[in-house]
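Worksheet: one structure, shown below.
The values are calculated or read from the model by the stated rules, or taken from the named source; none is laboratory data. Keep in mind that this is a model prediction, so the values were computed, not measured. Quick reminder, even Gly has a Cβ in these numbers, built from the backbone with ideal geometry, and neighbours come from all protein chains shown.
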Amino acid sequence: MKALAILGAREHGKVVCATVADALVGRWKATCFLDDNDALKGSTLLGLPVFTPLVHIEKLAAEGRVQGALVGVSCNHMPVRASVFSRLRSLGLETPSALSPAAHVNTRAEIGPGAIICPGAVVHAFARLGANCVLYSNGVVEHECVLGDNVYLGPGAVFCAAVEVGQGAFIGAGASVVCRKVGEDVVVGAGAVVVDDVPDGAVVAGVPARVMRIRTPDERRKSFILRDHTQPARP
């Protein structure tokens, strides 16, 4: 059995660990967490040691103590998720996808490396997911959808058929996307109904969804707290 590190030692990291335990039994075993929060140094999470900082993964990889790793960083830090995954690949570490046995992934769907697919999620025939994607519980990716790298679906979010989704997009819980194109680094608020195509960097919310703002390229490179941006501006 191969040893696997999880980069991110908070709530989403725990979900990744639990999904690995269910989905990759007999093949991979999570053996440690890593995090940039120095307060976690020397602590344990789910009975596993927590190492700091994240770059400690280089030492673990060089010493052969882990053969693979997955991103456990949450949707609040989408650019960090992307950069961490890129670093894992550059180190030559394996990034196995963890598909919950309680999810339904059609055999004709394509799943990129490093994906986390939670219980109740559905990926239908001829859908394609890029690397490092996350589908939380009961998320749906219908047929012919194409998701770029590092796309993150909250619980119950739905992509209807043949939606093209740019890398780094975040879709909030319970949102429904029925348009044809969602741009890169888009943020869709929880419960939104997206009927029109969404440009790169947009934050959309509401029923029907409307553009609340367009983030600048610099803003798109920073961490993002959804609740701070999906409320209408005050007069």
The helices (runs of 4 or more DSSP H) lying entirely within segment 1-108 that contain at least 3 residues which are outside the structural domain of ILE171 (by TED's automatic domain parsing), surrounded by 21 or more Cβ atoms within 10 Å (Cβ to Cβ) and touching a Leu at 6+ places or on another chain (Cβ under 8 Å) are 11-23
Those residues of segment 170-180 which are closer than 21 Å to ALA82 by Cα and not in a loop (DSSP other than H, G, I, E, B) amount to PHE170, ILE171
Complete set of residues in segment 122-138 that are of a type outside the set (A, V, I, L, M), on the phi < 0 side of the Ramachandran plot and more than 12 Å from the chain's Cα centre (by Cα): HIS124, ARG128, SER137
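Residue by residue, here is whether (1) assigned to a strand (DSSP E or B); (2) in contact (Cβ under 8 Å) with a residue 60 or more places away in the chain; (3) surrounded by fewer than 18 Cβ atoms within 10 Å (Cβ to Cβ) holds:
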{"site": "ALA161", "(1), (2), (3)": "no, no, yes"}
{"site": "ALA190", "(1), (2), (3)": "no, no, yes"}
{"site": "VAL204", "(1), (2), (3)": "yes, no, no"}
{"site": "PRO208", "(1), (2), (3)": "no, no, yes"}
{"site": "VAL211", "(1), (2), (3)": "yes, no, yes"}
{"site": "LYS222", "(1), (2), (3)": "no, yes, yes"}
For segment 144-181, how many residues meet the condition of being touching a Leu at 6+ places or on another chain (Cβ under 8 Å) and among the basic types (Lys, Arg)? 0
